[in-house]
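The values are calculated or read from the model by the stated rules, or taken from the named source; none is laboratory data. On a predicted model such as this, the values are computed, not experimentally measured, just so you know. Cβ placement follows ideal geometry from the backbone for every residue including glycine, while neighbour counts extend to all protein chains displayed. Each accessible area value is taken on the protein alone, full model and side chains, heavy atoms only, with ligands, DNA and RNA left out. Shrake-Rupley method; radii C 1.70, N 1.55, O 1.52, S 1.80 Å.
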Amino acid sequence: MAISDFDLVLFGGTGDLSMRKLLPALYARDRARDLPEGGRILCIGREPMESAAFVAIVEKKAMPNIAHSAMEPAVWQRFCQRIVYVPLDAKKAADFAALTAAVRHDVTHVFYLATPSDLFAGICKNLAAAGLVTPTSRVVLEKPLGRDLASAKAINAAVGSVFAESQIFRIDHYLGKEAVQNLLALRFGNVLFEPLWRREWISDVQITIAEQLGVGGRSGYYDHSGALRDMLQNHLLNLLCIVAMEAPISADADAVRNEKLKVLHSLKPFTRATLASNLVRGQYRAGHVEGASVPGYRKEPDADPESRTETFVALKAEVDTWRWAGVPFYLRTGKRMADQLAEIVVRFKPVPHSIFNTSSNADVPNCLVIRLQPDEGLHLNLMAKMPGDGMRLKPVELELDFREKFKTARMDAYERLLLDILRGQLTLFMRSDELEAAWAWVEPILEYWEQEENEPIPYAAGTWGPAASSALIGRDGLQWREEALPEV
């Protein structure tokens, strides 16, 4: 679908997300000739300056986030000509007159709110008061979308009073990753796995997003968020929905989102009793990451020395449907972990009876691994006979490396999602009822932690989290993938 001329109004245009992700992504799409000549980027900031001065800041802060091989002076010059800087204070309604004067009124308006969520309501109200909201306008909401169910509902109500649901794009960049798109293709474009994608054949599903980085200079934000709000409530639950959803009737946005919503409604609710045995909360202490000493969370710059904020969370979830009843879904995320990765592991049940020598690895179950980062691809572990005398089996891996198989240029998640926003494609964006259903499911966890006096379990930086995480999955006779890998 072709993209019509647009004015993309970027609130938070001087911020870290804009410089690190959004402007480099828009440059990449300009370089690929995906943006029309009449597309402009209006960056909003409070500091008064001319557009030329702001472009100089973009060159200093955004250009280093673009691969050297992708930097073409002519393209960069063309891209910078799209940028217009508009100084205004988003909290002051009178300042929006400057935006009214700056935008063109015969093109699509996209308002990207890369700001704290407590500004969303005010910005939308001021946009409406300035006459900038039309039936063709769109608004993009960056996370965090609330801190709990009540605040998420308040955001939905405030934004929904100005924009129709069909105009609201709640962004989760994990849904723009190539491997997530390929998970949809794997499930609904092939007949091979569908008969096996159910409780009769699947032992468990593990979804992990592990980061080696700590909080760095984000202690102020992170201490009011934590791993549950920052990662699990959005990224991990979205991935769970794609794994567990039924086939939609089409690829249309609402058809897909209807099936995701059904999964969220099918998640077994937590009680205090089940939370005590199905949830692990951790916080990293000093340790070593890639051979370098790193401080503990409470020793990070500007950190609260008595903080109880979790930097690690692992839990067991259950989807109460005919397809998934009895299959545990283990969700895990943490900072300062042993590796930097995001992956979905679907482990199949072992063969009902092995005819081979069990002293070998003949009892290792088949496993499908969807790797989201750092190297996107699919891995299917199977058993095969080792060369030589005797029937000795060994796990082997069928691997599809997207980078090696498809030689076309890679598209960053934000690049894909920005194109979808400009085209008006809502499939990869959360609907209001999805957002509220996700918060409703995690809210008992937040209440449980607020009522409990116990501290997060400490774990050494550079490890896979607290030992209690292994015990969580071990109670079901299972192991995390890195613990279950056979010795070579």
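If you take the residues of segment 4-18 that are of a type outside the set (Val, Ile, Thr) and open to solvent by 10 Å² or more (accessible area, probe 1.4 Å), which of them is nearest to residue 218 (Cα to Cα)? Here the residue is 16.
The set of residues in segment 369-396 being assigned to a strand (DSSP E or B) and over 38 Å from the mean Cα position of the chain (by Cα) consists of 385 alone. Kindly indicate whether residue 61 is open to solvent by 70 Å² or more (accessible area, probe 1.4 Å), under 31 Å from the mean Cα position of the chain (by Cα) and within 22 Å of residue 29 (Cβ to Cβ). The answer is yes for residue 61. Out of segment 399-426, which residues are modelled with pLDDT under 80 and either open to solvent by less than 90 Å² (accessible area, probe 1.4 Å) or of a type outside the set (Asp, Glu) (or both)? Listed by number, the residues that qualify are 400, 401, 402, 403, 405, 406, 407, 408, 409, 410.
Of all the strands (runs of 3 or more DSSP E) wholly in segment 242-340, which have at least 2 residues that are charged (D, E, K, R) and surrounded by 14 or more Cβ atoms within 10 Å (Cβ to Cβ)?
Working: elements: 279-285, 287-289, 292-294, 312-318, 328-334.
Those strands (runs of 3 or more DSSP E) span 279-285, 312-318.
Residue 1: open to solvent by 50 Å² or more (accessible area, probe 1.4 Å) and within 19 Å of residue 109 (Cα to Cα), yes or no? Answer is yes for this residue.
Contact list please: Cβ distance under 7 Å, first residue in segment 464-480 and free of Cβ contacts under 8 Å to residues at least 12 places away in the same chain, second residue assigned to a helix (DSSP H, G or I) and surrounded by fewer than 20 Cβ atoms within 10 Å (Cβ to Cβ), pairs at least six apart or on different chains. From segment 464-480, no pairs qualify. Residues that are of a type in the set (D, E, K, R) and out of contact with any strand residue (DSSP E or B) (no Cβ under 7 Å at 6 or more places or on another chain) within segment 361-391 comprise 363, 376, 389, listed in sequence order.
I need the full set of residues from segment 23-43 which are open to solvent by less than 10 Å² (accessible area, probe 1.4 Å), farther than 14 Å from residue 63 by Cβ and within 25 Å of the chain's Cα centre (by Cα), in order please. 41, 43 - these are the residues of segment 23-43 that are open to solvent by less than 10 Å² (accessible area, probe 1.4 Å), farther than 14 Å from residue 63 by Cβ and within 25 Å of the chain's Cα centre (by Cα).
Residue-level check: of (1) at pLDDT below 95; (2) open to solvent by 30 Å² or more (accessible area, probe 1.4 Å), residue 449 misses just (2).
Based on what the data block shows, is residue 52 farther than 29 Å from residue 218 by Cα and either surrounded by 13 or more Cβ atoms within 10 Å (Cβ to Cβ) or aliphatic (A, V, I, L, M) (or both)? Break it down into steps so the answer makes sense when it comes.
Working: farther than 29 Å from residue 218 by Cα: yes; either surrounded by 13 or more Cβ atoms within 10 Å (Cβ to Cβ) or aliphatic (A, V, I, L, M) (or both): yes.
Considered against the rule, which asks whether it is farther than 29 Å from residue 218 by Cα and either surrounded by 13 or more Cβ atoms within 10 Å (Cβ to Cβ) or aliphatic (A, V, I, L, M) (or both), residue 52 comes out as yes.
Taking the criterion of being over 18 Å from residue 267 (Cα atoms), assigned to a strand (DSSP E or B) and either small (Gly, Ala, Ser) or at pLDDT below 95 (or both), the only residue of segment 188-239 that qualifies is 210.
Every listed requirement among (1) closer than 20 Å to residue 140 by Cα; (2) touching an Asp or Glu at 6+ places or on another chain (Cβ under 7 Å); (3) of a type in the set (Asp, Glu) is met by residue 95 save one, (1). Screening residue 441 on (1) open to solvent by 70 Å² or more (accessible area, probe 1.4 Å); (2) within 29 Å of residue 339 (Cα to Cα) shows it passes everything except condition (1).
Screening 436, 415, 455 for residues that are under 30 Å from residue 69 (Cα atoms), not in a strand (DSSP E or B) and not hydrophobic (A, V, I, L, M, F, W, C) leaves exactly one candidate, 415. State whether one or more residues within segment 250-258 are under 30 Å from residue 475 (Cβ atoms) and either in contact with a Ser or Thr (Cβ under 9 Å, 6 or more places away or on another chain) or touching a residue at least 24 places away in the same chain (Cβ under 8 Å) (or both). There is no residue in segment 250-258 that is under 30 Å from residue 475 (Cβ atoms) and either in contact with a Ser or Thr (Cβ under 9 Å, 6 or more places away or on another chain) or touching a residue at least 24 places away in the same chain (Cβ under 8 Å) (or both).
For segment 429-450, enumerate the residues that are out of contact with any strand residue (DSSP E or B) (no Cβ under 9 Å at 6 or more places or on another chain) and aliphatic (A, V, I, L, M). If you could, list the steps in order and put the result at the bottom.
Restricting attention to segment 429-450, the residues satisfying the condition of being out of contact with any strand residue (DSSP E or B) (no Cβ under 9 Å at 6 or more places or on another chain) are 433, 436, 439-440, 442-444, 446-447, 450.
Within segment 429-450, 440, 442, 446 qualify.
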